[in-house]
Every structure is written in structure tokens, then in C-alpha cells.
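Heads up, the thing below is written out as C-alpha cells.
The values are calculated or read from the model by the stated rules, or taken from the named source; none is laboratory data. Here the structure is a predicted model, which is why all the values come from computation and not from measurement. Cβ placement follows ideal geometry from the backbone for every residue including glycine, while neighbour counts extend to all protein chains displayed. What goes into the accessible areas is simple: the full protein's heavy atoms, side chains included, and nothing from ligands, DNA or RNA. Shrake-Rupley method; radii C 1.70, N 1.55, O 1.52, S 1.80 Å.
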Amino acid sequence: MKVYFLTGEEYPSFFDEHKENIFRAVHFSHSFDNSDSVLGRASIVPIGEKSYEIWVSEDPVKKFVRNNTLVYQSGNLLYARFESDDSAGLEDTAYNLYLRVFELRDSLNANLVRIWNYVPNILDESDNLERYRQFNVGRRKAWDEVGPKNNNNNIVTPSASGIGALGGALKIGVLLSTHKPIHIQNERQTNAYEYSQKYGPKPPTFSRATYVEGVGLFISGTASIVGEDTLHVGNPIEQTQETMNNIETLISLENLSKYNISKEYSLKSITDWRLYIKHIHQAKIIEDKFLDIIDKDDVNHILLHDDICRKDLLVEIEGVIFEQ
Ligand code: 3EB
């Protein structure tokens, strides 16, 4: 799989050239319209010229409908999108949407690998609870009831990102695999599904990264959180450094070998990056710091202007290492 970040000008001809092989296409935009079946629209405004993220498979992509959901398939990977308006309240919407995610997973007999949660107005409050926390309550309830579990009946969680959106529906992008993924935690950070109630009545459900043999490593949205607390409140440069420290530890051989993955990755190995930035005026210093830390020419990345799921987080960074 190859990931391309493109401008609005580049996209149409790129699409025509690659359409049989497009596995996932995301457009970052003000628009809430999602009627184009190929293009998933995330209601997040990009910073800079690039506004499309396109995943292109080496082989033609199969498309089929299952449980009323369009599914893309490339080798052992599957991708699907879900969305729903939260007219009933975000807790119920998240609960119902996750029931559909688990239904699809069961029907495909596949495993969850990586999830993107686009939560509209993520930091707003209603009924005395922040919307991200409402989302977590509904997601966890669905997970406890019918989500994936291990032999000890503990929940199994894929890598994920939980980020804001300008409005419109709750949208969830789901990457699955018919291969067995390995979900990875980070000793610098409390397991997210074990966060205390300080961060909401129910903890989020994700792992720090997920590895699929022969495919690669998917790194969750990562922030300046050590243990379970936000560090460097108000300081975007220090938050960027701490975030990258978290990712570096996460992908280290020392950490991966706990899961019998013997890969010598470094930050330079990460093939594609998304940076979510809360304040547009901090974009340049965050990007400069990020590029300075990686210290490599041509880092394939996109900057997005977005609220992150805690008021005090200024930046969240995710990445992927595609093995081929
Ligand atoms: C954190 O580490 C930052 O709710 O699915 C990162 C990745 C975050 C995924 C999610 C939230 C989610 O807690 C936030």
C-alpha cells in the first residue's frame, strides 16, 4: 500500500489514473456532504495545500456491500466507513454505530486493526459531560456487550485516533484484516482502556499501535500524555517532543520484542504521518519541531486543523509503517 497526500488540483487526474487500485480515499474539508461513495469526507480543515489522503494498493481493489456497508478489500485488508447523526445524543449514536462495526467484523470474520473516530464538536459539553466522554461511554458499552474479547473475556482493542470534526455526523473509518493483528501498548502511557475516571466515566477503547505481519505497523493518535496525564500544558514545542518520545518508545525493538515482533524501526521508518493541530498559528512551530526530530528529507505528512479530545492537548500525531 502506498499513501499519497494530494492537493485539490492533483486529485482528479490521480483518481482517473488509479481508480481501480484506490483502497481508501479521504477528503479533508469544511463540507459535511458524504454522498461520494469513493471519497470519505472528514469534516476537518487541512492546513496547507494538501487536502486528500489516498491509499493505493498494488493490486486492483475489490468492492462489495455487506450489511448495507460498502467494503473495500485489498489482500488481507478490508476498509469500511460508518456514519450517523447524533440526533439521539452522542452516547447512543456511538453505541449504535459501534454495534454496526462489530456486526460487520463478525460477518466478515475479520479482525479490527485500526479505527479513526471523527467526533463532531468533540469538546462541547451537554448534560454536564464533554462530548468525547459521552462518545466513550457509548463506545465502551457496545464493546463490553458485543465487541471483540480474548480468551479471558477481556476486551481486545485496535489502534485508533479520536479527534474532532467541525460538525455533521459521527464518522468512523475501520481497517480490518483477515490476518491476526497484534495490538501493542506503551509503558510510558497508561493503557487507554484503563484510564481512571478523571478522564470520563468510561475509558476509551484503543491500543497504542497494531502490527499485521506482512502489512505493517499502525500507530494510534499519540499525544503529550505520560501515564494518563497531559504534560507541557500550553507548550506546543514540548508537547510535540513528548509525543514523538512516546512514538519512539512505542516502536522501539525493546517494546516490540515483548510481542515477538523483531523489527528494528526508527522514526525514519514511518512512511506516512498525520498531524492534528489545535491552533492554526502554532502549525509552523509544531511542523518545524516534528521535521527536526525526524531529521529526514521528504517526510510524507499532512497537517490538519482540529480539536483534540482533551482541552489541554495542542497536537496529536499518528503514523503508519507500510512494509510494502
Ligand atoms: C490519548 O492518548 C489521546 O478515543 O479512540 C488517541 C487515540 C486518543 C485514540 C480514541 C483517543 C483515541 O488518550 C487521545
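Given the criteria under 23 Å from residue 4 (Cα atoms) and either away from the ligand (no atom under 12 Å from the Cβ) or surrounded by fewer than 14 Cβ atoms within 10 Å (Cβ to Cβ) (or both), does residue 213 qualify?
yes
Pick from 142, 192, 169: which is modelled with pLDDT under 95 and among the small types (Gly, Ala, Ser)? Talk me through it step by step, then tell me what you get.
On the way: 142 fails: modelled with pLDDT under 95; 192 fails: modelled with pLDDT under 95.
Every option except 169 fails the conditions.
So which pairs qualify, if the first residue must be in the range 233-246 and within 11 Å of residue 285 (Cα to Cα) and touching a residue at least 24 places away in the same chain (Cβ under 8 Å), the second must be of a type in the set (A, V, I, L, M, F, W, C) and in a helix (DSSP H, G or I), the Cβ gap must be under 7 Å, and the two must be at least 6 apart or on different chains?
236/285; 236/286; 237/285; 240/286; 240/290
Within the range 247-271, which residues are surrounded by 16 or more Cβ atoms within 10 Å (Cβ to Cβ), in contact (Cβ under 8 Å) with a residue 60 or more places away in the chain and closer than 20 Å to residue 295 by Cβ?
Result: 247, 250, 251, 271.
Might you let me know whether the range 163-185 holds any residue that is outside any loop (DSSP other than H, G, I, E, B), out of contact with any helix residue (DSSP H, G or I) (no Cβ under 7 Å at 6 or more places or on another chain), open to solvent by 10 Å² or more (accessible area, probe 1.4 Å) and within 30 Å of residue 284 (Cβ to Cβ)?
Checked the range 163-185: at least one residue is outside any loop (DSSP other than H, G, I, E, B), out of contact with any helix residue (DSSP H, G or I) (no Cβ under 7 Å at 6 or more places or on another chain), open to solvent by 10 Å² or more (accessible area, probe 1.4 Å) and within 30 Å of residue 284 (Cβ to Cβ).
Scan the range 201-210 residue by residue and report those that are crowded, with 18+ Cβ neighbours inside 10 Å and more than 10 Å from the ligand (Cβ to nearest atom).
202, 209, 210, listed by residue number.
Please indicate, with yes or no, whether at least one residue in the range 270-288 is away from the ligand (no atom under 16 Å from the Cβ) and over 24 Å from residue 52 (Cα atoms).
No, the range 270-288 contains no residue that is away from the ligand (no atom under 16 Å from the Cβ) and over 24 Å from residue 52 (Cα atoms).
Taking residue 103 as meeting all but one of (1) over 18 Å from the mean Cα position of the chain (by Cα); (2) open to solvent by less than 30 Å² (accessible area, probe 1.4 Å), write down the number of the exception.
That leaves (2) as the condition not met.
Please identify the pairs in which a residue from the range 188-213 that is farther than 22 Å from residue 249 by Cβ has its Cβ atom under 6 Å from the Cβ atom of a residue that is more than 11 Å from the ligand (Cβ to nearest atom) and open to solvent by less than 40 Å² (accessible area, probe 1.4 Å), counting only partners at least 6 apart or on another chain.
These pairs meet every condition: 201/137; 202/137.
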